[in-house]
Every structure is written in C-alpha cells, then in structure tokens.
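What follows is a set of notes on a single structure, which appears directly below.
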Amino acid sequence: MPEVRQERTGWRCEEISKRHREWGYNCPAVDLDFMVVEYNYGKPVALIEYKDKHAKLPSLDHPTIKALAALADGYKKPLPFFIAIYCPEDWWFRVIPINEIAKKIYKGKTELTEKRFVKSLYLIRNIALSDQDVQAINKLKDITPPKLESVA
C-alpha cells in the first residue's frame, strides 16, 4: 500500500495535518493552496483554486481535482470550477477551466489581465456593474500574461 505523504512546508495548520495522516491511506484529503468559494448574497457562484505562477500544477486527472469538480457539478446549479494561476508582480491571470460550465464561461479566453479576470468574477455573479464596481476595476492592472512556450 502506498505511503501517506508527509507535510512538506510546515506553514499550514500543521497539527491537524499531521494527525490526519495518522488516519490512514484510505482516508485521503488535500491541503489546497488558496481555495475560495466566490459567492453572491450568501449563494456560491464559483469554486476557484488560486495558485502562484511558480506553484506546481496538479494533474487534472488527480482524485483531488475530480472530487472538487464533483462538488462544483453537484451543487443544485453547477458551479464553475477552475484553477487561477496568478502573477503577484504584474497581477495577470491564467485560467484553467475544469468543469463544463467553467469552459463555457472562459471559451478559450484564459490569458487574462487582472481587469478582465475581476470583471469575469462579477459576470459569474450575473450582476450589472455599478459605477463603483467599474471604478474599482479600472484601478486594476491591465498586463497580459506572457505567451506560454509550447512544449515540443
């Protein structure tokens, strides 16, 4: 039987993390980087895992991603679920849509400036932008992510 992976960074809630590993291999859980539930008026509208551009990306076939997708898809109205890779120096975003609803929202437009990414979060909520929202968005960075180098 495979061994339970040990805590690697030591900066999470280490005590529960260590204790959970003692519960055995067939009781899996994962520490996520920065998982958020975007919501509007107390109702969830999206499930997003944020990852720094230097973080290792999980396999999209990994059981963790499948479990989170099932959670998003199983809500009474399926929630978009995606990974948002961000650059904290320039504040650009690269979106990896996981489930079908997220793929429909982003339709291949996955290299986003901060302005465009935040605007998409408002649009996911199906609300019209107020003047205050527009002012906040206009203050954000408008830097496009660099093109990914293709792997031959």
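The values are calculated or read from the model by the stated rules, or taken from the named source; none is laboratory data. Remember, predicted model here, so these are calculated numbers, not experimental data. No Cβ is skipped: glycine too gets one built from the backbone with ideal geometry, and neighbour counts run over all protein chains shown.
When the residues of segment 126-140 are narrowed to those that are loosely packed, with under 14 Cβ neighbours inside 10 Å and either touching a Gly at 6+ places or on another chain (Cβ under 8 Å) or not aliphatic (A, V, I, L, M) (or both), which ends up nearest to Val45 (Cα to Cα)? That would be Asn126. Note on segment 70-112: residues that are over 16 Å from the mean Cα position of the chain (by Cα) and either under 18 Å from Lys51 (Cα atoms) or buried (at least 19 other Cβ atoms within 10 Å of the Cβ) (or both) total 2. For segment 138-149, what are the residues that are at pLDDT below 95 and assigned to a helix (DSSP H, G or I)? Within segment 138-149, no residue meets the criteria.
Quick one: which residue in Ala55, Ala67 is among the aliphatic types (A, V, I, L, M), modelled with pLDDT under 95 and assigned to a loop (DSSP other than H, G, I, E, B)?
Among Ala55, Ala67, only Ala55 is among the aliphatic types (A, V, I, L, M), modelled with pLDDT under 95 and assigned to a loop (DSSP other than H, G, I, E, B).
Of everything in segment 16-46 that is of a type in the set (Val, Ile, Thr) and out of contact with any strand residue (DSSP E or B) (no Cβ under 7 Å at 6 or more places or on another chain), the residue that is surrounded by the most Cβ atoms within 10 Å (Cβ to Cβ) is Val30.
Condition check for Pro145 on (1) surrounded by 15 or more Cβ atoms within 10 Å (Cβ to Cβ); (2) in contact (Cβ under 8 Å) with a residue 40 or more places away in the chain; (3) closer than 21 Å to Val37 by Cα: one failure, at (3).
When Trp23, Trp11 are checked against the criterion of being more than 30 Å from Ile105 (Cβ to Cβ), outside the structural domain of Ile101 (by TED's automatic domain parsing) and at pLDDT 85 or above, a single residue qualifies: Trp23.
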